[in-house]
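Chemist: Structure below; questions to follow.
Just so it is clear, none of the values below were taken in a lab; they were calculated from the coordinates. Bear in mind the structure is a predicted one, so any value in this text is a computation, not a measurement. Every residue, glycine as well, gets a Cβ built from its backbone with ideal geometry; the counts of neighbours run over all protein chains shown.
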Amino acid sequence: MRLSDLLLNHPFGRDEEVLFTLDESMTVGQAQKRVAEIASSLVVAPGQAVAVKLPNGPELLCTMAAIWTRNAVHVPVNDRLPEAELEAILAETGAALLVDADGVHQLGGLRQYPDDVAFIVWTSGTTGSPKPILHTHTAYLELLDRVLGPLRGSAVRTGHPTPNLIPVSMALNAGLYNCLFGLRAGAAVVMMDRFTAEGFAELVGRFQIRSTVLPPAAMVMLTDSDVESLAPLRYVRSITAPLSPLNARRFMDRFGCFVLNSYGQAEMGEVIGWTAADAKSHPEKIGSAGRPLPGVEVRVDLDGHLLVRPPNVAVGIEERRDADGFIETGDIASIDSEGFVWIDGRASDLINRGGNKVFPDSVEEVLRLHPSVSDVAVVGVSDDRLGEVPIAYVTGAEFDPAELDAHCRSYLVAYKVPVAFLAIEALPRNDVGKILRRRLVELWDSAHTGD
């Protein structure tokens, strides 16, 4: 089975609408016809890569399916990506074609990928240069069913499922995953090309969305917006970047929705998450990533590193498994007596201040409580005496460093308090909203070279 079958063999009737945006829609029959038209325009051999630089919408999804019907590999490209970054992706993947708003462009790339490879996405690049990740049709279908299993349960459902709302770019793994997840569930798909609080609220109301996904930045935008209601929305899963407990609580208090974290990586998909039953029976666990999904095993080693044994991973990741089949995630975590996993932060972000461990997230959470702080990132920088010390880069209104220091000391033990509070116009983030802490360390180092 190929991922294109999720659209081409969708359980809706041919005249039923299956793809939506704010302004357009497409029936199953129209989608099938468009996929065939696009496929006929693609001069590409099996296993070759086709880069697609289109905005979210039916045309993008039909192009993706057409590529798969030609047994080629889909390379999603953000349609707002600068030319230099586009050229780097085309060179890295050896794409034979580029499809954009102007049509199909022959590139001449001759790289061949294994038969089962479906698409290529990229690591977040928070600790180094982004790296390509190859996902296969077989493994991705397993991933979708791994997550769908506990959500479907044993209840007999009648009628069509609620549409799946996709509020993030389908150039990201999160966008692709949630789109394909909806199609695998037999639901229609509603895609947003540009996220706005008002547009999101309109789509939630129009399609009676009760459950969806949102990146933390979108939740903050909604919380701070003039939107009065998100009814009938009940559950929101946080995706793409860490969500602070503070912003989760603000969103829940504002709109009355359960905010559920989950955990996964681009290389293995979602491996830890919540079910609706867990959300109802364990509200005190909100803030954890949830429990391992079916077929997934997790453990924490003596140093607190989270290890995961998923059924499948992306191409080339198998070599990272240890003798027992577990993969080192790079995250520090704990597992409680009921199997809920609590993520403390990235091992690479951990600040070792003279032997005392400081996780940036816990310090940032406190600083966000201060009214002069709009956003903040805490990083560790070199110190001759202690090895490392935390500093904070702050955006927002004009602030008094002494006031922020006193604020931190009222909530944190002394060793967690940043030694410096620095103003910055905007925090460096990647495409999915994760803070690029290494850039902040470089900024500090360049300002203090020779001190």
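Chemist: What is the spin-label model distance, in nm, from residue 446 to residue 386 if the labels are put 7 Å beyond Cα along the C-beta direction?
Modeler: 2.6
Chemist: Continuing with the same structure: Using the Kirkwood radius over C-alpha pairs as Rh, can you work out the diffusion coefficient of the chain via Stokes-Einstein at 10 °C, viscosity 1.306 mPa s, in µm² per second?
Modeler: The estimated diffusion coefficient comes to 68 µm²/s.
Chemist: Same structure again: Computed FRET efficiency, Cβ-Cβ of residue 403 and residue 252, R0 35 Å: what is it to the nearest 0.05?
Modeler: After rounding to 0.05, the efficiency reads 0.75.
Chemist: With no solvent and one equal point scatterer per Cα, compute the Debye intensity ratio I(q)/I(0) for segment 350-448 at 0.17, 0.18 Å⁻¹ and report its log10, rounded to two decimals.
Modeler: Per q value, in the given order, log10 I(q)/I(0) is -0.72, -0.81.
Chemist: In nm, give the distance between the simple-model label positions of residue 300 and residue 352, each being 7 Å from the Cα along the Cα-to-Cβ direction.
Modeler: 1.9
Chemist: Under a 5 Å amide H to amide H cut-off, with H placed in plane at 1.01 Å, what residues pair with residue 119 once short-range neighbours are removed?
Modeler: 74, 135
Chemist: If packing is taken as the mean number of other Cβ atoms within 10 Å per residue, what is the order of 289-299, 400-410, highest first?
Modeler: Sorting 289-299, 400-410 by mean packing, highest first, produces 289-299, 400-410.
Chemist: Related question: Near residue 131, which lysines are there with a Cα under 18 Å away, not counting those fewer than 8 places off in the same chain?
Modeler: Result set, ordered by chain and number: 434.
Chemist: Mind checking the full-extension length gain between residue 234 and residue 324? Use 0.36 nm per residue of separation minus the Cα-Cα distance, one decimal, nm.
Modeler: My answer for the length gained is 28.5 nm.
Chemist: May I pose another question? Pulled fully out, how much extra length does the chain show between residue 425 and residue 226, if you take 0.36 nm times their separation in residues and subtract their Cα-Cα distance?
Modeler: Computed gain between residue 425 and residue 226 is 69.2 nm.
Chemist: Based on the alpha carbons, how large is the Rg to Rh ratio for segment 300-398 when Rh follows Kirkwood?
Modeler: We get a ratio of 1.08 for segment 300-398.
Chemist: To continue, here is another question. Does anyone have the angle between helix 437-448 and the longest principal axis of the chain? Alpha-carbon axes, 0 to 90°, nearest 10?
Modeler: Taking the Cα atoms of the chain, the angle to 437-448 is about 40 degrees.
Chemist: Counting only DSSP beta bridges with both residues in the chain, tell me the antiparallel percent, nearest 5.
Modeler: 65
Chemist: Please give the length that would be gained between residue 414 and residue 276 if that part of the chain were fully extended, namely 0.36 nm times their separation in residues minus their C-alpha to C-alpha distance (nm, one decimal).
Modeler: Gain on stretching residue 414 to residue 276: 45.7 nm.
Chemist: So what's the convex hull volume per residue for the Cα atoms of segment 19-125, in Å³?
Modeler: 113
Chemist: Highest mean first, what order results for 38-48, 252-262, 55-65, 166-176 on Cβ atoms within 10 Å?
Modeler: Ranked by mean Cβ neighbours within 10 Å, highest first: 166-176, 55-65, 252-262, 38-48.
Chemist: Can I ask one more? Calculate the FRET efficiency for residue 106 and residue 372 from the Cβ-Cβ distance with a Förster distance of 56 Å, rounded to the nearest 0.05.
Modeler: Between residue 106 and residue 372 the formula returns 0.55.
Chemist: Viscosity 1.002 mPa s, temperature 20 °C: what is the translational diffusion coefficient of segment 156-273 from Stokes-Einstein with a Kirkwood Rh over Cα pairs, rounded to a whole number of µm²/s?
Modeler: The estimated diffusion coefficient comes to 147 µm²/s.
Chemist: Related question: Can you give me the pair-distance distribution of segment 238-366, C-alpha pairs, 10 Å bins, whole percents?
Modeler: Bin by bin from 0 Å, the calculated values are 11, 41, 34, 13, 1.
Chemist: May I pose another question? Can you give me the orientation-averaged projected area of the convex hull built on the Cα atoms of segment 168-234, in nm²?
Modeler: For segment 168-234, the mean projected area of the Cα convex hull comes to 4.5 nm².
Chemist: Considering only DSSP beta bridges with both partners in segment 5-137, what is the antiparallel share in %, to the nearest 5?
Modeler: 55
Chemist: Next question, about the same structure. Return the sequence-ordered ³J(HN,Hα) values of segment 389-406 in whole Hz as given by the Karplus equation 6.51 cos²θ - 1.76 cosθ + 1.60 applied to θ = phi - 60°, using x for Gly and Pro.
Modeler: 9, x, 10, 10, 9, 10, 10, x, 5, 4, 10, 9, x, 5, 5, 5, 4, 5
Chemist: For residue 90, what is the net charge nearby, where nearby means another residue's Cβ is under 14 Å from its Cβ and Lys, Arg count +1, Asp, Glu -1?
Modeler: -3
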